[in-house]
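Take a look at the structure below.
The values are calculated or read from the model by the stated rules, or taken from the named source; none is laboratory data. Note that the structure is a prediction, hence the values are computed from the model and not measured. Ideal geometry is used to build each Cβ from the backbone, glycine not excepted, and the neighbour counts take in all protein chains shown.
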Amino acid sequence: MNVYPFFRSLLFRLEPEQAHALTLRLVRIAGALPPVGGLLRRCFAVPTRPVQAFGLRFANPVGLAAGYDKDGLGWRGLACLGFGHIEVGTVTQRAQPGNPGPRLFRLPQERALINRMGFPGQGADFVATCLGGPRPPGLVLGVNIGKNKDTPLEAAAEDYGSLLRTFAPLADYLAINVSSPNTIGLRRLQGRAALDALLGCLAAERQVQTARSGKSLPLLVKLAPDLSNEELDDALEVITARGMDGVIATNTTLARPDLRSPHAGESGGLSGAPLHRASLGMVSAICQRTQGKLPVIGVGGIENAAGAQAMLDAGAVLIQVYTGLVYAGPGLARQIVRGLAV
């Protein structure tokens with residue numbers, strides 16, 4: 001019996017950010033109390049379906065996208081829900097409040113969200129502290145990184161480089177976020193010249209960290225679904241030339257495809273079911289353009305096994321969920337893995 005619709009009806013009486021903070025607090029407590037975490041792991045046990053990607057072994061192809069646990073507060077509890085990997089962040093070098101509220105809106109008719117959060121968070125040092133210590137066995141942990149709002153674009157590489165140095169010893173991979181629509185100018189870093197300069201600096205910094213630790217840290221680039229064909233070609237050429245390990249496709253969209261909910265006109269990035277078609281198309285395009293040589297994590301509007309299977313069939317090696325978790329509930333990873341084709 002699925003009781004989540006009842007709890008969702010209660011959560012949806014709260015403002016979206018309040019509801020999110022409450023659920024994150026609960027999973028944080030679960031992760032800190034071994035008996036509770038053990039109970040959750042038994043309740044949400046997921047069949048093992050290993051995937052090799054980026055030189056890492058994932059217990060299953062379903063991950064939690066960045067944005068849900070921005071400050072690394074609840075990832076140990078979230079790991080009890082069966083995810084093969086969890087991506088915390090987006091983390092900025094310095095703490096910042098993000099954009100003014102209200103900045104998160106539900107679109108229940110479309111099973112979607114619109115957010116204009118603007119990378120609120122406690123900063124890199126705080127998150128690094130939260131990521132230290134024991135890790136749930138078998139979990140792959142990624143960290144999504146971005147520049148501070150007040151960092152000029154021409155100085156963005158300094159932010160990203162500092163974040164790489166901070167999280168290289170703590171993360172299994174880093175996701176370079178140059179595609180959020182909610183930090184002014186950030187998406188300009190997807191342009192050929194800006195992206196080449198940024199990734200060149202990060203590739204050099206990774207070499208330094210690899211020499212020190214003997215561990216090569218996979219670097220993935222998270223792209224927007226709103227890129228033109230020419231912009232996508234430029235980005236992929238740079239990503240490949242600079243030796244990046246993969247792409248996350250996609251971030252939220254500025255498009256508003258046939259929305260009817262009262263909040264449809266709010267500014268910000270749209271996620272959830274209406275994004276699925278665009279993200280699926282982007283995954284397919286990337287895989288075709290790179291002939292499958294650049295691994296892709298597919299994310300956008302996945303809320304069931306059918307949506308996940310479509311992403312994998314389009315060429316994705318892994319998938320991530322976020323908005324689907326809000327609407328479908330904590331059993332989503334288990335449901336997806338059980339429903340994937342053998």
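Of all residues in the stretch 325-340, how many are small (Gly, Ala, Ser) and in contact with a helix residue (DSSP H, G or I) (Cβ under 6 Å, 6 or more places away or on another chain)?
Result for the stretch 325-340: 3.
When you check Leu236 against the structure, is it crowded, with 20+ Cβ neighbours inside 10 Å, out of contact with any Pro (no Cβ under 6 Å at 6 or more places or on another chain) and under 16 Å from Val143 (Cα atoms), yes or no?
In short, no.
Of all residues in the stretch 114-151 being among the polar types (S, T, N, Q) and in a loop (DSSP other than H, G, I, E, B), which is farthest from Phe167 (Cα to Cα)?
Filtering first and then ranking leaves Thr151.
Here's a check for you: in the stretch 11-36, which residue that is modelled with pLDDT under 90 and buried (at least 19 other Cβ atoms within 10 Å of the Cβ) is farthest from Gly74 (Cα to Cα)?
Ala30
What tally of residues in the stretch 73-115 results from selecting those that are without any contact (Cβ under 8 Å) to a residue 60 or more places away in the chain and aliphatic (A, V, I, L, M)?
5
Ile184 passes all but one of (1) at positive phi; (2) surrounded by fewer than 18 Cβ atoms within 10 Å (Cβ to Cβ); which number fails?
Exception for Ile184: condition (1).
Under 8 Å by Cβ, and 6 or more places apart or on different chains, what pairs join a residue from the stretch 41-66 that is touching a residue at least 40 places away in the same chain (Cβ under 8 Å) and within 13 Å of Leu318 (Cα to Cα) with one that is outside any loop (DSSP other than H, G, I, E, B) and polar (S, T, N, Q)?
Short answer, once both residue conditions are applied: Phe58/Gln52; Val62/Gln320; Gly63/Gln320; Leu64/Gln320; Ala65/Gln320.
From the list Ala157, Ala211, Ala204, Ala193, which one is surrounded by 14 or more Cβ atoms within 10 Å (Cβ to Cβ), hydrophobic (A, V, I, L, M, F, W, C) and either touching a residue at least 24 places away in the same chain (Cβ under 8 Å) or over 27 Å from Leu73 (Cβ atoms) (or both)?
None of the others qualify; the one that does is Ala157.
May I ask you to verify whether Leu275 is within 22 Å of Gly89 (Cβ to Cβ), touching an Asp or Glu at 6+ places or on another chain (Cβ under 9 Å) and among the hydrophobic types (A, V, I, L, M, F, W, C)?
no
Return only the number of the condition from (1) surrounded by fewer than 24 Cβ atoms within 10 Å (Cβ to Cβ); (2) modelled with pLDDT under 95 that Gly89 does not satisfy.
Here Gly89 meets the rest and fails (1).
Consider Leu131 carefully, then state whether it is under 19 Å from the mean Cα position of the chain (by Cα), under 30 Å from Val46 (Cβ atoms) and in contact (Cβ under 8 Å) with a residue 24 or more places away in the chain.
So Leu131 passes the test.
Among the listed residues Gly55, Gly84, Gly63, Gly72, identify the single one that is closer than 22 Å to Leu217 by Cβ, surrounded by fewer than 16 Cβ atoms within 10 Å (Cβ to Cβ) and of a type in the set (Gly, Ala, Ser).
The conditions single out Gly55.
Is there a residue being at pLDDT 95 or above, surrounded by fewer than 24 Cβ atoms within 10 Å (Cβ to Cβ) and within 17 Å of Ala171 (Cα to Cα) anywhere in the stretch 98-111?
Scanning the stretch 98-111, I find no residue that is at pLDDT 95 or above, surrounded by fewer than 24 Cβ atoms within 10 Å (Cβ to Cβ) and within 17 Å of Ala171 (Cα to Cα), so the answer is no.
Would you please name the residue that is surrounded by the fewest Cβ atoms within 10 Å (Cβ to Cβ), looking only at residues in the stretch 283-314 that are on the phi > 0 side of the Ramachandran plot and under 18 Å from the mean Cα position of the chain (by Cα)?
Gly301
Residues to consider are Asn144, Asn115; find the one that is closer than 27 Å to Ala204 by Cβ and of a type in the set (S, T, N, Q).
Asn144
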